[in-house]
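Here's the structure we're looking at; comments come further down.
The values are calculated or read from the model by the stated rules, or taken from the named source; none is laboratory data. The shown structure was predicted, so the numbers you read here are calculated from the model rather than taken from an experiment. Neighbour counts run over all protein chains shown; Cβ positions are idealised from the backbone, glycine included. For accessibility, only protein heavy atoms count, side chains too; no ligands or nucleic acids. Shrake-Rupley method; radii C 1.70, N 1.55, O 1.52, S 1.80 Å.
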Amino acid sequence: MNSVVIGSGFGGIAAAIRLKAKGHNVTLVEKHKDLGGRARVFKRNGFIFDGGPTVITAPHLIYELFHLFNKNPHDYINIKPLDTWYRFVFEDGSKFDYSGNEENMKDQIKKIHQEDVIGYEKLVNFTKKIFDKGFTELSEVPFDNPSFMIKQIPALLNLKSYKSVYALVSSYIKNEKLRRLLSMHPLLVGGNPFTTTSIYGLILYLEKKWGIHYSIGGTGQIINGLEKLMIEENIEILKDKEVINIVSKDNKIIGLKLDNDKEIKTDNIICNADPPAVYSKLINSKKTNSIFNWKMRRMEYSMGLFVYYFGTKKTYENVEHHTIKFGDKYKEHLDDIFKYKKLNEDISYYLHRPTATDKSMAPDGHDCFYVLVPVPNNQSGIDWSIEGGKIKNLVIDKMEKSLLPNLRENIVEDFYLTPDYFEKELNTKYGSGFSIQPKFSQSAYFRFHNKSEIYNGLYFVGAGTHPGAGVPGVLSSAKVLDKIL
Ligand SMILES: Cc1cc2nc3c(=O)[nH]c(=O)nc-3n(C[C@H](O)[C@H](O)[C@H](O)COP(=O)(O)OP(=O)(O)OC[C@H]3O[C@@H](n4cnc5c(N)ncnc54)[C@H](O)[C@@H]3O)c2cc1C
């Protein structure tokens, strides 16, 4: 059977490898000259900037891809667990080092609010229940049948899926600082902790179960290792080729057209490209159904991302590998991003310093960073050619005050990406950073189906489909595909 995968994000690569292992002839088509999608790498003057994912969880999902061909993943990639997972920093200068060391976690919680230690234990136990259902049982099964979804509803209600992650955490934890840091996980997959279904509380437990890891040489080394595997297994890789049209006859996919006018005939197309953009831009025949139209119309998209990559000529040894800095007006900042689609100066941000673990990411005596600021997606109408420079200056000012003194005078290399990059280069609808939001009304059956509900021979893997965004999510979506194709 011939199958073509459009897009080389983690989901697309995993789908190509899984289909090859099943005996398909697989071609992978990628718009860019390099693979990885959101996980692309930018190399500048000796600095290696991972474009996107930096927190590696559930590494077994990556290893499995090598095992499919009886290869040893350690011959291709080198993934190491981190001791400190995140350092949370608050506006008053206080810090919390979040890790898998439960004693240390409880000691820190006790110092902030003694009563919350018991609440924390109860919360972890509850997230285990969510994890057992939401991840172990449901993340790798297709949700294209309404009756299957209906069967899950009682269990999901039992797990309080009608609550937000923040509300769930708040039902166990009283202190506001602890509430914030224990409920931040939806932000990692493009959701607002105040509106994302508590089912995503499973990420808290997923981290505890398998730890947080770093890929030596950067996440890009995982993409390189997977590319090597694909080449060895004769997966055809077409780089620098954009699919401009998916061709169907009646309801059946018959091929696609590339930007060099070449046509490829195929039985199956697996889109790793963003589903809403595929449905609205790549398919010319306008077959739909009314439920699907309704679903498309009411979709809410994840936040946009402003990502500022920079290298410094000095090292900041006191800065951890992963730092999350909360602004004062956290909820108001998130409301502005998700609801009002406007910028706010009281930002919260995530700072990545891979050189804390891996000196090979920068020239000797230098540090490599990126700082990620959640911003509204392009439904905002913001002109990033004007606002981009302003946010860069704002975030440098903020980092100079709290984490990186004299930063401005030490920067020797820098550039930034805005939602325009995600929209124009990665082809995501409205330049969203993580496709559609992880709300209950957009999860499982209500997300874009892995097997298209409209066209025979059209499938989806990646952030916009079940189970959702984040590297473990998109790798799991390829496992769902494995079950239906
Ligand atoms: C800044 C940032 C930080 C993140 N941090 C983390 C993290 O620490 N941990 C984590 O687990 N997740 C993280 N994520 C989320 C994670 O990176 C994504 O959910 C995941 O990588 C998305 O993979 P995907 O399979 O959906 O494909 P994508 O990475 O979205 O790739 C899709 C690919 O399709 C290609 N494409 C699109 N249209 C076409 C076309 N018409 N023709 C040919 N090719 C096309 C694009 O060029 C792209 O390469 C982060 C994301 C971002 C942006």
Taking the range 174-199 and keeping residues free of Cβ contacts under 8 Å to residues at least 60 places away in the same chain, open to solvent by less than 10 Å² (accessible area, probe 1.4 Å) and away from the ligand (no atom under 16 Å from the Cβ) leaves Ser183
Taking into account only those residues within the range 201-216 that are open to solvent by 30 Å² or more (accessible area, probe 1.4 Å) and assigned to a helix (DSSP H, G or I), which is farthest from Asp358 (Cα to Cα)? Tyr205
Selected residue (criterion: farthest from Leu187 (Cα to Cα)) from residues of the range 447-460 that are of a type in the set (A, V, I, L, M, F, W, C) and within 15 Å of the ligand (Cβ to nearest atom): Leu458
Options Ala469, Ala463, Ala444, Ala478; residue that is farther than 24 Å from Leu256 by Cβ, aliphatic (A, V, I, L, M), open to solvent by less than 50 Å² (accessible area, probe 1.4 Å) and within 14 Å of the ligand (Cβ to nearest atom): Ala469
Kindly evaluate Asp107 against the criterion of being within 16 Å of the ligand (Cβ to nearest atom) and acidic (Asp, Glu). no
Every residue from the range 378-410 that is outside any helix (DSSP H, G or I) and buried (at least 16 other Cβ atoms within 10 Å of the Cβ): Ile382, Leu403, Leu404
Inspect the range 309-320 for any residue being at pLDDT 90 or above and more than 30 Å from Met399 (Cβ to Cβ) and give the result as yes or no. no
Among the residues of the range 230-249, is any in a helix (DSSP H, G or I), crowded, with 18+ Cβ neighbours inside 10 Å and either more than 16 Å from the ligand (Cβ to nearest atom) or not small (Gly, Ala, Ser) (or both)? yes
In the range 69-99, how many are in a loop (DSSP other than H, G, I, E, B) and over 21 Å from Leu351 (Cβ atoms)? 7
Scanning the range 267-303 for residues that are part of a loop (DSSP other than H, G, I, E, B) and among the charged types (D, E, K, R), which turns out nearest to Gly191 (Cα to Cα)? Glu300
Please specify each residue of the range 275-322 satisfying the condition of being more than 16 Å from the ligand (Cβ to nearest atom), hydroxyl-bearing (Ser, Thr, Tyr) and open to solvent by less than 10 Å² (accessible area, probe 1.4 Å). Thr312
Kindly check whether there is at least one residue in the range 17-32 that is modelled with pLDDT of 95 or more, among the polar types (S, T, N, Q) and open to solvent by 40 Å² or more (accessible area, probe 1.4 Å). yes
Which residue, of Asp267, Asp261, is more than 12 Å from the ligand (Cβ to nearest atom), within 24 Å of Ile17 (Cα to Cα) and surrounded by fewer than 19 Cβ atoms within 10 Å (Cβ to Cβ)? Asp267
The lone exception for Lys95 - which of (1) crowded, with 19+ Cβ neighbours inside 10 Å; (2) under 28 Å from Ala362 (Cα atoms) it fails: (1)
Looking across the range 413-432 at residues that are part of a helix (DSSP H, G or I) and of a type in the set (Phe, Trp, Tyr), the single one that is farthest from the ligand (Cβ to nearest atom) is Tyr430
For residues in the range 336-369 being open to solvent by less than 30 Å² (accessible area, probe 1.4 Å) and in a helix (DSSP H, G or I), which is nearest to Ile48 (Cα to Cα)? Met361
Kindly provide the set of residues from the range 411-422 that are surrounded by 18 or more Cβ atoms within 10 Å (Cβ to Cβ) and in contact with a helix residue (DSSP H, G or I) (Cβ under 6 Å, 6 or more places away or on another chain), ordered by number. Tyr416, Thr418, Pro419, Phe422
Just checking, does the range 59-68 include any residue being touching a helix residue (DSSP H, G or I) at 6+ places or on another chain (Cβ under 6 Å), part of a helix (DSSP H, G or I), away from the ligand (no atom under 11 Å from the Cβ) and open to solvent by 30 Å² or more (accessible area, probe 1.4 Å)? yes
Can you pull out every residue in the range 17-49 that is on the phi < 0 side of the Ramachandran plot, more than 11 Å from the ligand (Cβ to nearest atom) and either among the polar types (S, T, N, Q) or touching a strand residue (DSSP E or B) at 6+ places or on another chain (Cβ under 7 Å) (or both)? Leu19, Lys20, His24, Asn25, Val26, Thr27, Val41, Phe42, Arg44, Phe47, Ile48
